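Worksheet: the structure to be examined is printed underneath.
Every number here is computed from the coordinates shown, using simple stated rules; none is lab data. Every value quoted in this text rests on a predicted model; they were computed, and no experiment measured them. Neighbour counts are summed over all protein chains in view; Cβ atoms, including those assigned to glycine, are modelled from backbone coordinates with ideal geometry.
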Amino acid sequence: MSMTRSPRSVRQRAVLGSALAAALLLSGCGAEVETDAKAPETVTVNRCGEPVEYTVPKRAVAYEGGSADKLFSLGLVDHVHGYVMPPANPPVTESPWASDYAKVKMLSDDLLNKEIVVEAKSDFVLAGWKSGFKDERGITPEILDKLGIQSFMHSESCFNYPNYPEKHTPFEALYTDLERLGKIFRVEKKAEEVIGGLKKRVEAVKAKAPKGDPVPVFLYDSGTDQPFTAGNQVPPDDIIKTAGGRNVFDGLDQRWTQVNWEAVAKSEPEVIMILDYGDLPAEKKIDFLKNSPHTKGLPAVKKNNFFILDYNEGISGPRNMDGLEKFAKYLGELKS
């Protein structure tokens, strides 16, 4: 387990490292990012808990907004070939990096699969474990290794990755990803800058968080017979906690998970956070909660305390801090 794996992608495309003989200027949100001209051809970076050797990717494929946002925030649009964006994601035109999305290809509006990656002649795929990468769909890092295609997984999805698990709190997982991607793409200085900016935003929210007992918050993802919600392994848990609330299911060592309505009722949430995505608008979810016998008596419902969290603010990515700042403002106004 402690030995470094060398995927076929390293041996087959080590020539890519020669491109590092000169500094490359990358654009992202108007910023120029300079790579290290003296960087080695390969660098070893953890993929979850597994040390893996990487060459600098030139045709990266990102799955979902969180993945693409991480790459674009680091100024790596010139290294991105395209993205796969399933229907759950809001339009990319709403992204702070909309201009970067416009420069690369939309490869599919469905789930990530091996055929898409191979057809794109990709040399790098960024996704989460059990979301983009999944045994059941036949696309895993191990399978891509055998095809000579490099891959990287969101650290917040690594806690149950087979053989090489790794566990972080959600915001720390975001920082870890940006740091590691910075090393893989040889833009460490830009990564430090981006991480520093995100951390400052978190600290600013912490400094203004309401005092006293944390407000109990229930995140409603979906589900009528049984609700899906957020455990402590996904960004909304840190968003709620940092803003001065308490995720009523923060004791669940899970990502997105199913609970029962009895547990929700017992938790007596004062606020319900609605994850807004897909073909069921937040307003319809709120209408369901107001009329369901399971939830219409909840304190949050009676007081009409609903907060809408955009999908890309709730999955791992730089927009987590947008969601954090909005929710912090909401809680502050609620308690004032």
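Tabulated data for the structure shown
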read-out: Loop trypsin sites (Lys or Arg not before Pro), segment 183-221 (other Cβ atoms within 10 Å of the site Cβ: 14 or fewer; DSSP); value: LYS211
read-out: Relative contact order for segment 210-335, counting Cα pairs under 8 Å that sit 6 or more residues apart, in percent; value: 28
read-out: Rg in Å to one decimal, and Dmax rounded to a whole Å, for the chain via C-alpha atoms; value: 20.4, 66
read-out: Anisotropy class of segment 149-242 from Cα gyration tensor, a/c 1.5 cut; value: oblate
read-out: Tail fraction, Cα-Cα pairs, segment 92-209, threshold 23 Å, whole percent; value: 42
read-out: Mean-position separation - Cα centroids, segment 39-64 and segment 146-220, in angstrom; value: 17
read-out: Trypsin sites (Lys or Arg not before Pro) restricted to segment 226-310 and DSSP loop, no more than 13 other C-beta within 10 Å; value: LYS296, LYS303
read-out: Most positive-pole-ward Cα, TYR220, ASN304, ASN247, against dipole of segment 210-335 from beta carbon charges; value: ASN304
read-out: Of TYR101, TYR175, TYR164, the one that fluctuates the most in a GNM where the chain has Cα springs shorter than 10 Å; value: TYR164
read-out: Charge dipole magnitude, Cβ of K and R +1, D and E -1 - the chain, Cα centre, debye nearest 20; value: 340
read-out: Spatial separation of Cα centroids for segment 93-132 and segment 228-249, in angstrom; value: 27
read-out: Over the chain, relative contact order from alpha-carbon pairs under 8 Å, at least 6 apart, %; value: 16
read-out: Among ASN113, VAL56, CYS158 the positive-end extreme of the charge dipole of the chain (Cβ point charges); value: VAL56
read-out: About the Cα centre, charge dipole magnitude for segment 195-332 (Lys/Arg +1, Asp/Glu -1 at Cβ), debye; value: 540
read-out: Highest-MSF residue in the chain out of ASN260, ASN113, ASN320 [GNM, Cα springs under 10 Å]; value: ASN260
read-out: The chain: most fluctuating residue of MET106, MET153, MET85 per GNM, C-alpha cutoff 10 Å; value: MET106
read-out: Percentage of interatomic Cα-Cα distances in segment 210-335 larger than 23 Å; value: 21
